[in-house]
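Engineer: Sharing a structure below in structure tokens format, with a few things to ask.
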Amino acid sequence: MKPSALLPLLLLALAMAFAGCSTFASRSREKAAVYASLDAATRSRLEQGHLQLGDTTDMVYIALGGPEETHDQISTEGAAVVWIYKTHWQEYRGESVVGYHAINATDPKTGAPQVFYEPVQQSLYQDREEEHLRITFRDGKVTVIERPKV
């Protein structure tokens, strides 16, 4: 196959690899009509990921992307929708012996075969997640922004 014939395949593979990535640029293009209607200061604020009370669901989506979880909430104030954003990481939990590796050797004095067993260790990590932002919408507008205290 000619190198020039590989270029379209390479470009297609790259496009597919990045298709699932949600960036500010891709989200603002996705919600182009909303983004175009915003003033320059609001666009800049959203690009930095800063939210304000009164922002719409589209504005929050442009700034942060879609939530990991959504909850419906009903209270005396009426119905609301809560978007929850989380942080994910792996926590180191130590080392563990997961088996043994056999080493075949010959005794230098007798010439007899010997087998030594060496422990095989593996690092252990635990997947962790923590809620870092909760946004409540009433009538399509942000009414509450909650961040846990650190």
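The values are calculated or read from the model by the stated rules, or taken from the named source; none is laboratory data. All values derive from a computational prediction rather than experimental measurement. We place every Cβ from the backbone using ideal geometry, glycine too, and count neighbours over all the protein chains shown.
Engineer: Pick from the range 28-59 the residues that are in contact (Cβ under 8 Å) with a residue 12 or more places away in the chain, more than 27 Å from Glu129 (Cα to Cα) and of a type in the set (A, V, I, L, M, F, W, C): which of them is surrounded by the most Cβ atoms within 10 Å (Cβ to Cβ)?
Structural biologist: Leu38
Engineer: A follow-up question, please. Among the candidates Ala80, Ala25, which residue alone is over 14 Å from Ile135 (Cα atoms) and among the hydrophobic types (A, V, I, L, M, F, W, C)? Reasoning before the result, please.
Structural biologist: Numbers: Ala80 fails: over 14 Å from Ile135 (Cα atoms).
Checking each option against the conditions leaves just Ala25.
Engineer: Could I ask something else about it? Just to verify a result, which residue in the range 52-75, among those that are of a type in the set (D, E, K, R) and farther than 15 Å from Ser37 by Cα, is farthest from the chain's Cα centre (by Cα)?
Structural biologist: Only one residue tops the list, namely Asp72.
Engineer: May I pose another question? Are any of the residues in the range 97-109 of a type outside the set (D, E, K, R), within 28 Å of the chain's Cα centre (by Cα) and at pLDDT 90 or above? Can you show your working first?
Structural biologist: Residues of the range 97-109 that are of a type outside the set (D, E, K, R), as a first pass: 97-106, 108.
Remaining after also requiring within 28 Å of the chain's Cα centre (by Cα): none.
Within the range 97-109, not a single residue is of a type outside the set (D, E, K, R), within 28 Å of the chain's Cα centre (by Cα) and at pLDDT 90 or above.
Engineer: Name the pairs whose Cβ atoms lie under 9 Å apart, with the first residue in the range 102-124 and without any contact (Cβ under 8 Å) to a residue 40 or more places away in the chain and β-branched (Val, Ile, Thr), the second surrounded by fewer than 10 Cβ atoms within 10 Å (Cβ to Cβ) and assigned to a loop (DSSP other than H, G, I, E, B), and 6 or more positions between them or separate chains?
Structural biologist: Pairs found: Thr106/Ala112.
Engineer: Answer yes or no: is there a residue in the range 91-113 that is surrounded by 10 or more Cβ atoms within 10 Å (Cβ to Cβ), among the acidic types (Asp, Glu) and under 30 Å from Asp55 (Cα atoms).
Structural biologist: Within the range 91-113 (the criterion being surrounded by 10 or more Cβ atoms within 10 Å (Cβ to Cβ), among the acidic types (Asp, Glu) and under 30 Å from Asp55 (Cα atoms)), the answer is no, since none of the residues qualifies.
Engineer: Quick one: count up the residues across the range 60-71 that are farther than 9 Å from Arg27 by Cβ and touching a residue at least 60 places away in the same chain (Cβ under 8 Å).
Structural biologist: 2
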